[in-house]
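Engineer: Can you keep this structure in mind? I'll have questions shortly.
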Amino acid sequence: MNGITVLPQLTFSEALQQACEKITKSKGRSRRSEYWWTVLAAFIINLATSFIPFIGNFISIATGIAMIPISIRRLHDTGRSGWWYGVSVLLGCVASGVFLATFYNIMSVNGLSTDVTTPDDAIKMLQALFPPEVIISYIIAFAYNIVILVFMCQDSQPFDNKFGPSPKYKASETEHGIPDNVPEWK
């Protein structure tokens, strides 16, 4: 890009250092490399601790909560509001709530047993656990999360946006100290 300097991609350690420095901040922007290296680190931590019953669950919840601010900053970097991620979290909660409500209803009201002895019992259990409203809520949440994944994979906006300066692109300055390639300043 003419008049724009592209900073090099962050290394794994640089990305984690930046993510840890801003772990509670949802304002500002985060680069793709910072976000995806942090996602990889969270995945490895969750995988390594998933076999420890109570501690693994606690760490999984903690890393999930810690990923919220960096996800919001990543959306800011593409010029989108962090509410896109908030809706994603809400859709996941609604889909899980619909499933749990259906499960509770089946077990308590209908008196179904969790004993599955024949293939017909298994089919009846699956049909009872996944009625159309559960399937539809999961399909909506899944489709929305595909959209979020596409947003997270997009490149940074090269110029300052309403969420702050670009962490990846730096505008070159002219002799007057004004960035060269910024439409608002020409």
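Bear in mind that the values in this text are calculations on the coordinates, not laboratory data. As the structure is a computational prediction, the values presented were derived from the model and not from experiment. Counting neighbours? That spans all protein chains shown, and the Cβs are built from the backbone with ideal geometry, glycine included.
Engineer: Report the extension gain between residue 61 and residue 89 in nm, rounded to one decimal, defined as 0.36 nm multiplied by the number of residues separating them, less their alpha carbon distance.
Structural biologist: Gain in length upon complete extension: 8.8 nm.
Engineer: Taking the simple approach of a point 7 Å from Cα along Cα-to-Cβ for both residue 68 and residue 129, what is their distance in nm?
Structural biologist: 2.9
Engineer: Also: Straight-line reach from residue 124: which lysines have Cα under 20 Å away, leaving out those fewer than 8 places along the same chain?
Structural biologist: none
Engineer: What does the charge count around residue 149 come to, taking other residues whose C-beta lies under 14 Å from its C-beta (Lys +1, Arg +1, Asp -1, Glu -1)?
Structural biologist: Counting the neighbours of residue 149, the net charge comes to +3.
Engineer: How large is ³J(HN,Hα) for each residue in the stretch 28-42, as worked out from phi by the Karplus curve 6.51 cos²θ - 1.76 cosθ + 1.60 (θ = phi - 60°), to whole Hz, x for Gly and Pro?
Structural biologist: x, 9, 10, 5, 4, 5, 4, 5, 6, 5, 5, 4, 4, 4, 5
Engineer: For the stretch 62-76, take each phi angle, set θ = phi - 60°, evaluate the Karplus expression 6.51 cos²θ - 1.76 cosθ + 1.60, and give the result in whole Hz per residue in order, putting x for glycine and proline.
Structural biologist: For the stretch 62-76, the Karplus-derived couplings read 5, 5, x, 5, 5, 7, 4, x, 5, 5, 5, 5, 5, 5, 4 Hz, x marking Gly and Pro.
Engineer: If you don't mind, there's one more thing I want to ask. Going by average Cβ density within 10 Å per residue, which order do the peptides 23-34, 74-85, 146-157 take, highest to lowest?
Structural biologist: 74-85, 23-34, 146-157
Engineer: Could I ask something else about it? Suppose R0 equals 22 Å. What FRET efficiency, 1/(1 + (r/R0)^6) with r the Cβ-Cβ distance, do residue 24 and residue 48 give to the nearest 0.05?
Structural biologist: Calculated transfer efficiency: 0.40.
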